[in-house]
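All remarks here apply to the structure that follows.
The numbers here are math on the coordinates, done by the rules we state, and not lab data. Keep in mind that what you see is a predicted model, and the values were worked out from it rather than measured. Backbone-built Cβ (ideal geometry, glycine too); neighbour counts: all protein chains shown.
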Amino acid sequence: MEMRALITGASAGLGAEFARQLAADGFSLVLVARDEQRLRELADELADARGAEIEVLAADLTDAADLERVAARVADAGRPVDVLVNNAGFAVAQPFEASPIEDERRMHELLSWVPLRLAHAALPGMRSRRRGGILNVASLAGRMPSGSYAAAKAQLIVLSRSLHARYRRDGVTVTALLPGFVATEFHDRMGVSPDAVPEVAWADASAVVRDGLRGLRKRRGIVVSDWRYRLTAPIIPLVPDRLSAGFGISSRQAR
Ligand SMILES: NC(=O)c1ccc[n+]([C@@H]2O[C@H](COP(=O)([O-])OP(=O)(O)OC[C@H]3O[C@@H](n4cnc5c(N)ncnc54)[C@H](OP(=O)(O)O)[C@@H]3O)[C@@H](O)[C@H]2O)c1
């Protein structure tokens, strides 16, 4: 049976890795991001290597019309999406008191509203087919009060847990993936030097993606990726808020 996954933020980092691993598992793909050329290069690479059927859907998910185009593709019953990976994201670089409010709005939409919108588009078809998976790439930051990025990820975690509990019995799994620091373009795009994070804290993107896909297959609601973060996760609720607040990525040293 043909299986298809739609991945947001597929042009780089974790999203491109999701595309590689899902193509290796035999999935057809719909790749979504703004940079159409990078998506086409990835599509060519995967079509050559795996013979996978790949659609490219260039879209700025913070643009309402683009988001509706992607939602319509997710809901298209003629070419069903079996796995939706809500992955696209970025973080505002400046601390909250100095950040441009338009950047805060775009970040909040991309991390919280966009996954909600696309899950809403995906669920009716998945429920009627009694099969489907939604993998929401959240963050361990969503477990601590460390700024507006963390707040948006916390919303995504709560939404994921709610949908997982409600639709599991209909054959639909909703998994929130909570990585710690991962070596991708994410911090570079923020202008944060890799030196601002201790070497030992960086997880490998391919291992994070493997953990997420394994969790989805095993129908888990929450997956904390990487053994180092699984060890530290239980301590997080014990950290006083005033310490967590200083841990936000936007308060890290900019280049
Ligand atoms: N890296 C980490 O340490 C880390 C830790 C925890 C959670 N995460 C989460 O992991 C997810 C993936 O991040 P990453 O680390 O892989 O970062 P990345 O390497 O910077 O990739 C981000 C992806 O999001 C896409 N994107 C950004 N803005 C977009 C928009 N407006 N519309 C559509 N696509 C957009 C980018 O593509 P275009 O520029 O082509 O649009 C790119 O493909 C994010 O949700 C992030 O919050 C990352």
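Residues whose amide H comes within less than 5 Å of that of Gly9, counting only those at least five positions distant or on another chain, are Val32, Ala33, Ala88 (H built at 1.01 Å from N in the peptide plane).
What do you get for the angle between helix 13-24 and the principal long axis of the chain? Use alpha-carbon atoms, 0 to 90 degrees, nearest ten. Its long axis makes an angle of about 30 degrees. How tilted is helix 148-167 with respect to the longest principal axis of the chain? Cα atoms for both, answer in degrees (0 to 90, nearest 10). The two axes meet at around 40 degrees. Taking packing as the residue-averaged number of other Cβ atoms within 10 angstrom, the listed peptides 47-56, 79-88 run from highest to lowest as 79-88, 47-56.
Of all DSSP beta bridges confined to the chain, the antiparallel ones make up roughly 5%.
The 3J(HN,Hα) values that the Karplus relation (6.51, -1.76, 1.60; θ = phi - 60°) gives for segment 115-121 are, in residue order, x, 5, 4, 6, 5, 5, 6 Hz. Gly and Pro appear as x. Calculated mean residue ellipticity at 222 nm for the chain: -13500 deg cm²/dmol, from DSSP H runs with n ≥ 4 weighted as -39500 (n - 2.57), summed, divided by the residue count and rounded to 500. Across the chain, Cα pairs under 8 Å and at least six residues apart give a relative contact order of 19 percent.
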